[in-house]
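Read through the structure below, which is laid out as structure tokens, and then see the notes.
Quick note: the coordinates plus some simple rules give every number you see, no bench work behind them. Quick caveat: nothing in here was measured; it's all calculated off a predicted structure. Positions of Cβ are generated from backbone atoms using ideal geometry, with glycine treated the same way; all protein chains shown enter the neighbour counts.
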Amino acid sequence: MSLLSPDVIHRIRSAKNILFLTGAGISSESGIPTFRGEGGYWKTFKAEELATPEAFAKHPEVVWEWYDWRRGICREAKPNDGHLTIAKWQTSSPTVNLITQNVDGLHPRAGSRNLLEIHGNIFRARCTNCQAKYHLEEDGLDKPGLKYCTACESLLRPDIVWFGESYDNRLLTKAWEQSKIAHVVFVIGTSANVSVPANLALTAIRNGAIGIEINPETTTLTASIQLHFGGKAGEILPEIYKEVFPESISQ
Ligand code: APR
């Protein structure tokens, strides 16, 4: 039974610009807890106790402990067929953009190079004083506990957008541009609880993009989306790829 009508397949195949917008759900099949689902991070910890500048100012060692623990989970995780299908799509078509809320690094590990990690990346840190950026593993700073800048010796913080903080303007400007020119927007694995990503999807749809959502649950975006697939990204997205690129099946 096909997932897509011939008309939708035609629209996707003829799209000059495709946008993927992903959230924690696309990584759940890789064993990384989501934030708001069962067993999610926020169920175990209170966001305001950890992912905020106030929490970091008050007890940076606890915040680093939590991120060290999460980084270990992300390092052990492997990209799943959802990440891999997006990476494959990006190699086969010219402008397939990817905006992710995820900080787990699974999209780049799946091979995606054209991506905007609008909430940062858990493997990166930045200096609280001189803003120098570090890749924790490549720069040998991956040990548990407090981490310090090798340039000015000040405390490092996770390079992640915390609650109450503003986004990186450069990334956000690019994200808005990508949402405005998209002909198709895939919204995958996000509860749309965070306004900026949700508005990026809505902007694309308001500018004429066909919206396709993959999520076992419905979200606040579902009413504005043309196609909602109630299921797992790692199962549904590869099937959609095969229907859009039937020639890929023989390979
Ligand atoms: N495939 C697709 N979607 C899934 C899957 C799956 N296998 N498993 C779960 N989901 C869906 C859930 O139904 C839920 O709607 O993924 C969504 C995850 O929602 P959240 O946990 O809220 O994660 P996200 O939307 O990415 O959160 C956004 O909030 O906490 C902040 O900065 C954090 O980036 C995060 C942001």
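Residue by residue through segment 228-237, which ³J(HN,Hα) values in whole Hz follow from phi under the Karplus form 6.51 cos²θ - 1.76 cosθ + 1.60 (θ = phi - 60°), with glycine and proline marked x?
10, 9, x, x, 8, 4, x, 9, 7, 4
Share of antiparallel DSSP beta bridges in segment 96-187, in percent to the nearest 5? Let's see the in-between values first.
Details: 8 of 11 bridges.
Here the antiparallel bridges make up roughly 75 percent for segment 96-187.
Alpha carbons only, please: Rg and Dmax for the chain, in angstrom.
In order Rg, Dmax, the Cα atoms of the chain give 18.6, 60 Å.
Could the peptides 104-111, 1-8 be put in order, highest first, of the mean number of other beta-carbon atoms found within 10 Å of their residues?
Values: 104-111: 20.9, 1-8: 11.6.
My ranking of the peptides, most packed first, is 104-111, 1-8.
Please build a GNM for the chain, connecting alpha carbons under 10 Å apart, and tell me which residue among N199, N169, N17 fluctuates the most.
Looking only at N199, N169, N17, the biggest GNM fluctuation is shown by N169.
Counting DSSP beta bridges in the chain, what percent are antiparallel, to the nearest 5? Each step should come with its number before you reach the end.
Details: 8 of 29 bridges.
If I count the DSSP bridges inside the chain, around 30 percent turn out antiparallel.
Per DSSP H run of n ≥ 4, the term is -39500 (n - 2.57); total these for the chain, divide by its residue number, and report the mean residue ellipticity at 222 nm rounded to 500 deg cm²/dmol.
-11000 deg cm²/dmol, from helical runs alone.
Which entries in the list K88/K147; K58/K78; K58/K232; K174/K232; K143/K180 go over 31 Å, if you measure between the two C-alpha atoms of each? Display every interim value, and only then the final one.
Details: K88/K147 36 Å; K58/K78 34 Å; K58/K232 39 Å; K174/K232 28 Å; K143/K180 41 Å.
Too far apart for the 31 Å limit: K88/K147; K58/K78; K58/K232; K143/K180.
Between 0 and 90 degrees, rounded to the nearest ten: what's the tilt of helix 81-92 against the longest Cα principal axis of the chain?
Approximately 70 degrees, to the nearest 10.
Tell me, how many Å apart are the Cα centres for segment 141-218 and for segment 68-120?
If you average the Cα positions of each part, the centres end up 12 Å apart.
Taking the Cβ of A77 as the center, what net charge do the other residues with Cβ under 12 Å away carry, scoring Lys and Arg +1 and Asp and Glu -1?
Details: positive: R70, R71, R75, K78, R109; negative: E29, E76, D104.
Result for the neighbourhood of A77: +2.
Once amide H atoms are placed 1.01 Å from N in the peptide plane, what residues at a sequence separation of 5 or more from N114, or on another chain, have their amide H within under 5 Å of its amide H?
So N114 has HN proximity to no qualifying residue.
Quick one: among A201, A192, A233, which has the greatest mean-square fluctuation in a GNM of the chain with alpha-carbon springs under 10 angstrom?
The residue that fluctuates most here is A192.
Separation between the H135 and S195 pseudo-spin-labels, each 7 Å from Cα along Cα→Cβ, expressed in nm?
3.5
DSSP beta bridges in segment 149-251, what fraction antiparallel, as a percent rounded to 5? Write down the numbers at each step before the final one.
Working: 0 of 8 bridges.
Among the beta bridges of segment 149-251, antiparallel pairing accounts for roughly 0 percent.
What residue among S179, S224, S195 shows peak mean-square fluctuation when the chain is described by a Gaussian network model with Cα springs under 10 Å?
Per the Cα network of the chain with a 10 Å cutoff, S195 tops the list.
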